[in-house]
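As structure tokens, the structure follows; a few thoughts come after it.
The values are calculated or read from the model by the stated rules, or taken from the named source; none is laboratory data. Just so it is clear, the model here is predicted, and its values are computed rather than measured. All Cβ positions, even for glycine, are placed from backbone atoms using ideal geometry, and neighbour counts span all protein chains on display. Keep in mind that these areas ignore ligands, DNA and RNA; they rest on the heavy atoms of the full protein, side chains included. Shrake-Rupley method; radii C 1.70, N 1.55, O 1.52, S 1.80 Å.
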Amino acid sequence: MLLLSKFSKNKIIKISQKSFFSSVNRQFSKPWDYTSKRSHYPNSQVTLVLGSQWGDEGKGKLVDQIANEYDVICRFNGGNNAGHSVVTTINGKKIKLGLHLFPCGALHEKTVNLLGNGTVIHIPSLFEEVKLIEDIGIDALSRLLISSHAQIVPDLFQLIDGLEENEKSLGVAKKIGTTRKGIGVTYAMEKDRIGLRVGDFYGIHNDVIQKMQFEEQLSSLMRICKGRFSYLLDPKFCSKEDRRKWDEYTDIKRAMDRYTKYSKILSKHNTVINTMDYLNDAIKKFGKKILIEGANGVLLDTEYGTYPYVTSSCTLSAGICTGLGIPPRLLKKVDFNVIGVAKAYQTRVGEGPMATELPKEENTEMALKGGEFGVTTGRQRRCGWLDIVALKYSHQLNEFDQLILTKLDILSGYDTVKLGVGYRLKNGQTLHKTIPIDNSNYDDLEVIYETLPGWKEDISGIRSFEDLPINAQNYVRRIEKLTGIFIRWIGVGPDREETIEKLH
Ligand code: IMP
């Protein structure tokens, strides 16, 4: 049977199905080392920093550390469900800020910080962060750009997110353990084409017609929400306080007053623009350097994460094209670098499978050692050994040029350290580089571990790889060998300077 035709010197060459598939399946005799073609230089024109696990890998510290080498720091996905702490010293005083929405360039006065169209923005929370930054004497608002296409997270969506979680806790559906920041509700409304964009309210303080149009949009959204979600006011899911909030958040006049005020504040610095034009010009016309920080983590991606226990945005490197409007072919033309961030062990917050999770006591011990309590919700994170299978899967999805391995210091003191290198499923199948599609596979899954000798020394003061205890060096080298990803930096403490740069 004829399957394909292709033209060669004006002659049609017919390829039979058999020869086509046999050529596809044929083993290549000489593997091409494509990694040798890639730049290991972190200081590229476009650099993307992505959490390679379930979030909280410590992306903030790296971004904060390299931000001053870049002109624009961007976010392309998520909202204030993300959380990162940035630590700095101002006038000899150590200052730690917990940020959720504001890009990590916050503390570098020369950078522009940009929230792309793929982000979802709860404006009052953003203003709180602006205030935090300005309170330590650093200008924030004048360095912020917001895409007019980014979706707004109204207060009501945050409330609905929380009420839906309460409802799910009663067994109506699978509880996700969301951050209750309205992220899923906002992306759902966007896809349903009834969401509100920043550009919809930006300008209403001095444009009567736009104000009327926005009020109409808002009113119709509130009508839809009341129709769809009033059942959540059932006292089974909804406290008296939540009921009071519902009335407050569905009050159109209150909302209009607030958005008018936000519009006025944002317009002082022309904060809301077409960020897609801005970024493309910045890259192509002006040769500016762009640093992009991913929010959440690869394994929380809606499509490729452990669905349904995921967030509602694309957390992959692919997400920067849609979330910022940068075409893939432009990334091919510039020097583009993807840095993955992986914790030296594994954590997860919220529900969902986690193959290498430790039993309760050891779990809590690791959480306490690592200070594993969420920046956004304060919840204790679930802990376990580093999952190499999940890391390889993450690498396949993102093609990291290099990794930063964070929090290696937390593993000091263990007699042995483990790496989860394979999953053995109930049906006998073993997985080494991909996670199961079906969550039910996790129920009887057995993790194949490699056990390595641990180290006792405090490594937080060490700044060169060769000075690390040999067992710590072997642990890092083993991760490199198993994943095939070059580990360029190793985090040994929370401060900016507590990082080891490893050159080979
Ligand atoms: P949502 O993003 O608030 O809808 O939450 C969905 C899931 O993603 C929950 O399990 C959250 O705990 C998790 N999640 C969302 N953002 C982060 C993050 O930045 N770090 C860790 N977990 C997150």
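The single residue among ILE204, ILE209 that is aliphatic (A, V, I, L, M), outside the structural domain of SER125 (by TED's automatic domain parsing) and open to solvent by 70 Å² or more (accessible area, probe 1.4 Å) turns out to be ILE209.
Selection of the stretch 154-179 for residues being within 14 Å of the ligand (Cβ to nearest atom), crowded, with 20+ Cβ neighbours inside 10 Å and in a loop (DSSP other than H, G, I, E, B) yields THR178, THR179. If you go through the stretch 249-268 and keep only what is open to solvent by less than 80 Å² (accessible area, probe 1.4 Å) and in contact (Cβ under 8 Å) with a residue 40 or more places away in the chain, you end up with TYR249, THR250, ALA255, MET256, ARG258, TYR259, THR260, TYR262, SER263, ILE265, LEU266, SER267. Listed by first and then second residue, the pairs linking a residue in the stretch 339-356 that is more than 14 Å from LYS59 (Cα to Cα) to a residue that is more than 11 Å from the ligand (Cβ to nearest atom) and modelled with pLDDT under 95, with Cβ atoms under 7 Å apart and 6 or more places separating them unless they lie on different chains, are PRO353/ASN439; PRO353/TYR442; ALA355/TYR442; ALA355/LEU445.
Every residue, every condition in (1) open to solvent by less than 60 Å² (accessible area, probe 1.4 Å); (2) outside the structural domain of TYR307 (by TED's automatic domain parsing); (3) within 29 Å of the chain's Cα centre (by Cα), yes or no:
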{"position": "GLN402", "(1), (2), (3)": "yes, yes, yes"}
{"position": "LEU411", "(1), (2), (3)": "yes, yes, yes"}
{"position": "LYS418", "(1), (2), (3)": "no, yes, yes"}
{"position": "GLY422", "(1), (2), (3)": "yes, yes, yes"}
{"position": "GLN429", "(1), (2), (3)": "no, yes, no"}
{"position": "TYR442", "(1), (2), (3)": "yes, yes, yes"}
{"position": "GLU450", "(1), (2), (3)": "yes, yes, yes"}
{"position": "ILE459", "(1), (2), (3)": "yes, yes, yes"}
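Taking helices (runs of 4 or more DSSP H) that fall entirely within the stretch 269-388, which contain at least 2 residues that are buried (at least 18 other Cβ atoms within 10 Å of the Cβ)? Counting at least 2 such residues, we get 275-284, 319-324, 360-370. Taken over the stretch 142-153, the residue count meeting the criterion of being open to solvent by less than 10 Å² (accessible area, probe 1.4 Å) and part of a loop (DSSP other than H, G, I, E, B) is 2. Here LEU411, LEU386, LEU368, LEU405 are screened, and the one residue that is away from the ligand (no atom under 14 Å from the Cβ), among the aliphatic types (A, V, I, L, M) and more than 19 Å from TYR475 (Cβ to Cβ) is LEU368.
Checked against (1) assigned by TED's automatic domain parsing to the domain that holds PRO494; (2) within 16 Å of the ligand (Cβ to nearest atom), THR311 passes all but condition (1). Looking only at the stretch 121-141, decide whether some residue is open to solvent by less than 30 Å² (accessible area, probe 1.4 Å) and in a strand (DSSP E or B). Yes, the stretch 121-141 contains a residue that is open to solvent by less than 30 Å² (accessible area, probe 1.4 Å) and in a strand (DSSP E or B).
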